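First up is the structure itself, then whatever we jot down about it.
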Amino acid sequence: MTTTPAPFRCFGGSDPLYAAYHDDEWGVPVHDEHALYERISLEAFQSGLAWITILRKRPAFREAFADFDPRVVASYGEDDIARLLSDDRIVRNRAKVEATIANARALLALHASGRTLDAVLWSSAPPPRPRPLTWSDVPGRTPESAALAKELKSLGFRFVGPTTAYAAMQACGVVDDHLADCVVARRWDAASAPVAATPAE
């Protein structure tokens, strides 16, 4: 009796939560301002840690940060910072907590100027490129992510260096780094492949 091999995933195959994130979220284009703010916030918290750690804590992060509503988070003061730093369900790092609050304020200021985070982020999309074959082909940062980090910092965003910016670009679908043999890459590439013409009768 033969068994069908499990589909190859870039990552997360041994953990159902991680596999679901890989299949349904990572690399999927995001344009909603609220969702983009959450992605950037979580990528900042991930800096120096494994992403699965953040993913497992994401429900607690959402509860602690008012579902990442930028208007609410922008109003946070010292009492809120103290509350967050005492919450052992999340990553208790003062610099990252303060950056998340500062970034909410920067987002509101960006909106007040008539611009959107969506436009800023997607203006950094690189030209199309071949799918990576292995993880060694996937960069940790790119010229585009360095330029994005520089622009975000000029707009008042914090904890968004070139590496974190690139991780956010991956998470939001600005770049698609699913490996060529990945089940998601195969599905997406098949969906975008040209449909063969029907022979004339």
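The values are calculated or read from the model by the stated rules, or taken from the named source; none is laboratory data. All values reported here derive from a predicted model rather than from experimental measurement. Every residue, glycine as well, gets a Cβ built from its backbone with ideal geometry; the counts of neighbours run over all protein chains shown. With ligands, DNA and RNA removed, areas are computed over all heavy atoms of the protein, side chains included. Shrake-Rupley method; radii C 1.70, N 1.55, O 1.52, S 1.80 Å.
For residue 181, state whether it is surrounded by fewer than 19 Cβ atoms within 10 Å (Cβ to Cβ) and in a helix (DSSP H, G or I).
So residue 181 fails the test.
Exactly one residue among 106, 149 is in contact with a helix residue (DSSP H, G or I) (Cβ under 6 Å, 6 or more places away or on another chain), at pLDDT 95 or above and buried (at least 16 other Cβ atoms within 10 Å of the Cβ), and that residue is 149. Give the residue that is farthest from residue 27 (Cα to Cα), with candidates limited to residues of the range 153-169 that are within 15 Å of the chain's Cα centre (by Cα) and buried (at least 20 other Cβ atoms within 10 Å of the Cβ). Filtering first and then ranking leaves 159. Could you tell me whether any residue of the range 69-79 is of a type outside the set (Asp, Glu), under 29 Å from residue 183 (Cα atoms) and open to solvent by 40 Å² or more (accessible area, probe 1.4 Å)? No. So is residue 83 open to solvent by less than 40 Å² (accessible area, probe 1.4 Å) and of a type in the set (Lys, Arg) or not? So residue 83 does not fit the description; no. Can you tell me which of (1) surrounded by 17 or more Cβ atoms within 10 Å (Cβ to Cβ); (2) within 17 Å of residue 159 (Cβ to Cβ) is the one residue 53 doesn't meet? Here residue 53 clears every test but (1). State whether one or more residues within the range 8-22 are buried (at least 17 other Cβ atoms within 10 Å of the Cβ), of a type outside the set (A, V, I, L, M) and under 24 Å from residue 104 (Cα atoms). There is no residue in the range 8-22 that is buried (at least 17 other Cβ atoms within 10 Å of the Cβ), of a type outside the set (A, V, I, L, M) and under 24 Å from residue 104 (Cα atoms).
Of the residues 91, 97, 174, which is buried (at least 20 other Cβ atoms within 10 Å of the Cβ), touching a Lys or Arg at 6+ places or on another chain (Cβ under 9 Å), modelled with pLDDT of 95 or more and under 24 Å from residue 25 (Cβ atoms)?
Result: 91 is the single residue among 91, 97, 174 that is buried (at least 20 other Cβ atoms within 10 Å of the Cβ), touching a Lys or Arg at 6+ places or on another chain (Cβ under 9 Å), modelled with pLDDT of 95 or more and under 24 Å from residue 25 (Cβ atoms).
Here the helices (runs of 4 or more DSSP H) wholly within the range 6-83 that include at least 1 residues being within 22 Å of residue 103 (Cα to Cα) and out of contact with any strand residue (DSSP E or B) (no Cβ under 9 Å at 6 or more places or on another chain) are 33-46, 51-64, 70-73. The residues of the range 33-46 that are open to solvent by 20 Å² or more (accessible area, probe 1.4 Å) and either within 17 Å of residue 84 (Cα to Cα) or over 12 Å from the mean Cα position of the chain (by Cα) (or both), listed by number, are 33, 34, 46.
Each residue in the range 128-146 was checked for being closer than 13 Å to residue 177 by Cα, open to solvent by 40 Å² or more (accessible area, probe 1.4 Å) and not aliphatic (A, V, I, L, M), and 11 of them qualify. Does residue 19 meet the test of being within 26 Å of residue 180 (Cα to Cα) and of a type in the set (Gly, Ala, Ser)? Criteria met by residue 19.
Within the set 85, 49, 110, the sole residue that is without any contact (Cβ under 8 Å) to a residue 40 or more places away in the chain and among the hydrophobic types (A, V, I, L, M, F, W, C) turns out to be 85.
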